[in-house]
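The values are calculated or read from the model by the stated rules, or taken from the named source; none is laboratory data. Every value quoted in this text rests on a predicted model; they were computed, and no experiment measured them. Backbone-built Cβ (ideal geometry, glycine too); neighbour counts: all protein chains shown. When the accessible area is computed, the model is the full protein with side chains, heavy atoms only, and any ligands, DNA or RNA have been set aside. Shrake-Rupley method; radii C 1.70, N 1.55, O 1.52, S 1.80 Å.
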Amino acid sequence: AGAEPSLRWEPRCRQQLRHLQDGARIAARLPPRLEGRWVSTGCEVRPGPEFLTRSYLFYANRLFKAYQFYYWDPSCRDPSYSLVIKGKLRLRQASWITRGATEADYHLHKVGIVFHSQKAMREVASWINQTSGEGCSGFLPPGRTWAPGALYELLSAKTERDCTAALGFAMHELSLVRVEQHYQPWLQLQQSGSRLVEELYLGDIHTEWLERLHYRPTGYQRPLQNAMHHVHPCPACGIIYRADEHHPPILPVTAQLPMQLSGSWVSTHCEVRPAVLFLTRYFIFHGNNHTWEGYYYHYSDPLCKQPTFTIYASGHYTQGIPSSKVRGGTELAFKVTQARVMPMDQVTATMLNSSEPGSCGLAGSWSTGVEQDITPTNGCLALGIRLPHTEYELFKTEQDAKERSLLYIGERPTDGSSPDRPDKRPTSYQAPLIQCAGAPEEFSNYVSLKYLGRKDANGNEALKPLPVAFFLFIALLVLRWD
């Protein structure tokens, strides 16, 4: 059952973390089955920012047809243009970089664009005319008037024409694939049992615009859900399922929530980061004095069952102001002033013990399951942690269809660096955290870093830790304030 925390946790926070550490009864088949329609469950934000919804259809013969609907606004109610993408996908072997994922090759046959306003047509045409080569310079003649429903060809494998680069468009997300299955309990009183939910995780989008065209993903973006097997309720799912390039989805109006950080927030899934780190997060925000505490539980496997190390960090944060770049977001600055680390396996303890004296806690004193304060050494060089440290953040709060509060924190730079300057502030978000407790003034005391559960609830054989050399390589190069 694992060690119990030293002080009382909020029951809902404890329950959520137990749920995640038990693998949340998730099954992931290798290789995955992709046949069918997969849709966004809401308005998605990509770095830039870009606002979009997606609807991908995979056929049994490996062909696919994908829709990407782009919008002017973060509620996905004001469409700009739609892309229709056709091609072929071939699943390959299990990824040796991102555990639990399958690598794939794809080939694009056609990409077409439909504009939903004269403004969108004029803007996209100017991008293409300015940044594309000879074959695309006359993509649309100046002054061409918008024709509703007209489909313009951006890419054709037959004619070898490709005018997609100006849009920052690439489908490299298809090169990394994972499908997860779990069961959602019925909420209706008259029904018992549960319903199947299937989620499709595709490769992440690089946070730097210029890197998008050749980046090969090692993490995931927000998952699509199977149109037949999705979480209920999902107001957006049916709307996106019925949409096409001529009729983009217009999502329902959602109430704008004021930024209320106070309380405790916890991960909803085992999360994956580029450069192969799996983790869950638990945050406590004290609104009365603008201080915060964060627990980052790192693992070596995609179900977050085999812990490697835990970081506790704390500090204070500024009053938020509305983001001028990402509508709907709030800009804050977070100061990290204290941190503790607990190695949870021998690989990590060995790595920390081999770090340069004075660079990460007391040299040679690390042991599994024993926490150490790294504040006196100004952080931990081996884990890329510097103290004190300021990060420029982007936050957003929402309510889901079940009226639960969600907290979105800015996406980490794909290159592993830190948003330690205002110009590096994120323009997109990580997976949401769910609020598990209200105002946390009773949480001001220390909460143990020990895990609530460390065994596979299903009795499955444990995966072996990553090789020491590979873990060292990642840990030394990648900053991890996730």
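At-a-glance table
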item: Percent RCO, i.e. relative contact order, over the chain, from Cα pairs under 8 Å lying at least 6 residues apart; result: 16
item: Descending semi-axes in whole angstrom, ellipsoid equivalent of the range 27-242, from the Cα gyration tensor; result: 32, 21, 15
item: Fraction of accessible area attributable to carbon and sulfur, the range 263-435 (%, probe 1.4 Å); result: 51
item: Under-5 Å amide H pairs with Arg161, H placed in peptide plane, nonlocal only; result: Ser156
item: Electrostatic dipole magnitude of the chain [Cβ: Lys, Arg +1; Asp, Glu -1; Cα centre; debye, to 20]; result: 940
item: Rounded, prolate or oblate (a/c below 1.5 giving rounded, otherwise prolate when a/b exceeds b/c) for the range 263-435 by Cα gyration tensor; result: prolate
item: Relative contact order (%) - the range 263-435, alpha-carbon pairs under 8 angstrom, separation at least six; result: 18
item: For the chain, accessible area per residue (1.4 Å probe, heavy atoms of protein chains only), Å²; result: 44
item: Area accessible to solvent at Ser405, 1.4 Å probe radius, in Å²; result: 30
item: Percent RCO, i.e. relative contact order, over the range 27-242, from Cα pairs under 8 Å lying at least 6 residues apart; result: 21
item: Rg in Å to one decimal, and Dmax rounded to a whole Å, for the range 221-272 via C-alpha atoms; result: 15.0, 43
item: Filter on Lys335/Lys424; Lys86/Lys402; Lys86/Lys158; Lys65/Lys158 - keep pairs with C-alpha separation over 24 Å; result: Lys86/Lys402
item: Accessible surface of the range 27-242 [probe 1.4 Å, protein heavy atoms]: carbon and sulfur percent; result: 53
item: Selection of trypsin sites (Lys or Arg not before Pro), the range 255-331, meeting DSSP coil and at most 16 other Cβ within 10 Å; result: Lys325, Arg327
item: Distance histogram for the chain (every C-alpha pair counted, 20 angstrom bins, percent rounded to whole numbers); result: 22, 56, 21, 1
item: Filtered trypsin sites (Lys or Arg not before Pro), the range 371-402: DSSP coil and at most 13 other beta carbons within 10 Å; result: Lys402
item: Cβ-derived FRET efficiency at R0 25 Å, Trp72 paired with Ser137, nearest 0.05; result: 0.45
item: Protein-only accessible surface order, largest first, of Leu381, Leu303 at 1.4 Å; result: Leu381, Leu303
item: Trypsin sites (Lys or Arg not before Pro) lying in DSSP loop within the range 161-252, provided at most 14 other Cβ fall within 10 Å; result: Arg242
item: Estimated FRET transfer efficiency (Asp373, Trp209; beta-carbon r; R0 35 Å; 0.05); result: 0.30
item: Projected label distance in nm at Glu35 and Thr159, using a 7 Å step from Cα toward the beta-carbon; result: 3.5
